[in-house]
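Enquirer: The structure is given below, and queries will be raised subsequently.
The values are calculated or read from the model by the stated rules, or taken from the named source; none is laboratory data. Treat the numbers as computed from the prediction; the structure is a model and nothing was measured. All Cβ positions, glycine included, derive from the backbone under ideal geometry; neighbour counts span all protein chains shown. Calculation scope for accessible area: heavy atoms of the full protein, side chains included, ligands and nucleic acids excluded. Shrake-Rupley method; radii C 1.70, N 1.55, O 1.52, S 1.80 Å.
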There are 2 protein chains.
Amino acid sequence: MLSQKTKYALKALLYLAQQDENHISRTIEIAEGASIPKKFLEQILLDLKRGHFVGSKQGKFGGYYLLKDKESITLADIHRLFDGAIALLPCASLNFYERCSDCVSESECLLRHGLMIIRDETLKAMQGITIASLVKK
Amino acid sequence: MLSQKTKYALKALLYLAQQDENHISRTIEIAEGASIPKKFLEQILLDLKRGHFVGSKQGKFGGYYLLKDKESITLADIHRLFDGAIALLPCASLNFYERCSDCVSESECLLRHGLMIIRDETLKAMQGITIASLVKK
DNA sequence: TTCAAACCCTACTTCTTTTATAGAGTTTAA
DNA sequence: TTAAACTCTATAAAAGAAGTAGGGTTTGAA
């Protein structure tokens with residue numbers, strides 16, 4: 001399941017994607033437009049900025065705007081930024097790989113292979129959903 | 001990600017699936033065989049029993065055994081029993097549907113449709129992985 | 001009939017994560 | 001110089017995960 005944070009991040013990105021080109025949105029504007037607590041949204045936007053999904057302009061008349069193309073921001077990207085691995089266990093993850101502490105031998109693990117199949121399918125589906133595809137609906 | 005509980009449940013089922021037909025496994029035997037804390041496993045086996053995945057025999061010489069066919073227990077089933085919804089948000093879930101409290105209109109929700117596509121793909125993949133398929137690896 | 005083995009059940013504790021909130025700092029345009 | 005707005009860190013409250021404790025109940029056999 002998505003965390004509230006990831007859900008808010010997606011809603012914020014969708015909000016930004018729906019604005020006119022070159023428009024800069026203030027945090028309070030996004031917060032009210034997408035029903036997100038403002039102070040919480042501040043953190044989320046900073047994370048999105050650090051992830052290079054949005055850009056910001058500081059000072060008066062500042063705000064946030066999409067940095068990447070709507071078409072190139074996928075659900076997989078945002079999930080990874082806020083909720084981490086797509087795979088069901090770290091040992092089956094591409095980007096967040098970690099060995100199971102209680103696993104005697106990874107090659108003999110009965111679970112891992114199946115989880116990697118699921119990861120591949122889920123990842124493919126998540127990479128197919130972009131901010132652009134969601135806005136177009 | 002899978003909770004530890006779900007992971008343990010799968011490991012316990014795999015253990016049971018690897019025993020001879022008609023063999024009854026005691027909790028302590030499964031716990032040691034699959035590296036699961038015994039008292040925690042007790043709860044998990046009870047949940048699996050209530051979900052009709054395993055059967056039990058009480059009293060001396062009692063224990064647990066698979067109730068369903070190895071082929072008919074899927075990863076989706078076990079995920080749902082312990083970790084709940086497969087979908088990324090309750091509003092996109094088949095078995096754990098719940099309306100988003102902050103969603104003005106479900107039909108106008110930009111997120112929901114995309115999440116349902118992902119749910120369908122993930123579910124299909126998870127239903128394809130059975131205890132039997134994992135043991136055969 | 002008694003006893004021990006083993007499942008059954010509920011409550012509790014501890015730890016971590018999530019979901020925020022608070023408040024001060026920094027930058028910028030007018 | 002000032003106000004608007006982003007930036008950053010710390011803290012708090014609530015929820016959930018993971019595991020522990022301690023009985024209760026059932027069953028087979030001596």
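Enquirer: Distances from residue A:3 to the same position in the other copies: list them in nm, one decimal, shortest first, using label points 7 Å from Cα along Cα→Cβ.
Expert: Spelled out, the distances from residue A:3's label point are 1.8 nm.
Enquirer: Any idea what angle helix B:38-50 forms with the longest principal axis of chain B, computed on alpha-carbon atoms, 0 to 90 degrees, nearest 10?
Expert: 70
Enquirer: Turning to a different aspect of this structure: Summing Lys, Arg as +1 and Asp, Glu as -1, what charge do residues with Cβ under 14 Å from the Cβ of residue B:57 carry, residue B:57 excluded?
Expert: Numbers: positive: B:26, B:49, B:60; negative: B:29.
Once positives and negatives cancel, what remains is +2.
Enquirer: Among B:94-101, B:48-55, A:83-90, A:51-58, what's the highest-first ranking by average C-beta atoms within 10 angstrom per residue?
Expert: A:83-90, B:48-55, A:51-58, B:94-101
Enquirer: Among rounded, prolate and oblate, which fits the stretch B:51-116 when a ≥ b ≥ c are the square roots of the eigenvalues of its C-alpha gyration tensor, a/c under 1.5 means rounded, and a/b larger than b/c means prolate? Mind showing how you got there, number by number?
Expert: Numbers: a/c = 5.85, a/b = 3.14, b/c = 1.87.
It comes out prolate by the Cα gyration axes.
Enquirer: Helix B:4-17 versus the longest principal axis of chain B: what is the Cα-based angle in degrees, 0 to 90, to the nearest 10?
Expert: Compared with the principal axis, the helix lies near 50 degrees.
Enquirer: Rounding to the nearest 10 and keeping the result within 0 to 90°, find how far the Cα-based axis of helix A:112-128 lies from the longest principal axis of chain A.
Expert: In chain A, helix A:112-128 runs at an angle near 20 degrees to the longest axis.
Enquirer: Would you rank A:126, B:116 by solvent-accessible area, highest first, keeping every protein chain in place and using a 1.4 Å probe?
Expert: My answer, sorted largest first, is B:116, A:126.
Enquirer: Using only atoms on other chains, find how many Cβ atoms lie within 10 Å of each Cβ of peptide B:117-125 and report the average.
Expert: Mean partner shielding for this stretch: 6.
Enquirer: Using helices alone, what [θ] at 222 nm do you get for the protein assembly as shown, with -39,500 (n - 2.57) per DSSP H run of 4 or more residues, divided over all residues and rounded to the nearest 500? List each step's numbers first, then the result.
Expert: On the way: 12 runs with 132 residues, N = 274.
Calculated from helices alone, the mean residue ellipticity at 222 nm is -14500 deg cm²/dmol.
Enquirer: Using a label position 7 Å from Cα in the Cα→Cβ direction, what is the ascending list of nm distances from residue A:26 to the same site in the other copies?
Expert: So the distances to the same position in the other copies read 7.1 nm.
Enquirer: Just give me a number: lysine pairs in the stretch B:4-66, eight or more positions apart or cross-chain, with C-alpha atoms less than 21 Å apart.
Expert: 18
Enquirer: Cα to Cα, under 14 Å, and not fewer than 8 places away if on the same chain: which aspartates and glutamates meet these conditions relative to residue B:124?
Expert: Reachable aspartates and glutamates: A:120, A:121, B:77.
Enquirer: While we're looking at this one, here's another question. Please work out whether the stretch A:4-66 counts as rounded, prolate or oblate from its C-alpha gyration tensor, where a ≥ b ≥ c are the square roots of the eigenvalues and a/c under 1.5 means rounded, while otherwise a/b larger than b/c means prolate and anything else oblate?
Expert: Rounded, because the longest to shortest axis ratio a/c is under 1.5.
Enquirer: Here is a further query. Is any residue of the stretch B:48-62 close enough, with backbone N under 13 Å, to a label point placed 7 angstrom from the Cα of residue A:103 along the Cα-Cβ axis, and if so, which?
Expert: Counting backbone N atoms under 13 Å from the label point, the list is empty.
Enquirer: Under 1.5 on a/c is rounded, so check that first for chain B, then, if it is not, pick prolate when a/b is larger than b/c and oblate when it is not; a ≥ b ≥ c are the square roots of the alpha carbon gyration tensor eigenvalues.
Expert: prolate
Enquirer: Give the separation of the Cα centroids, the stretch A:67-121 to the stretch A:8-27, in Å.
Expert: Using only Cα atoms to place each centre, the spacing works out to 28 Å.
Enquirer: Let me ask you something else. With only Lys, Arg, Asp and Glu charged, each at its Cβ (+1 for the first two, -1 for the last two), find how big the charge dipole of the protein assembly as shown is about the Cα centre; round to the nearest 20 debye.
Expert: For this selection, approximately 420 debye.
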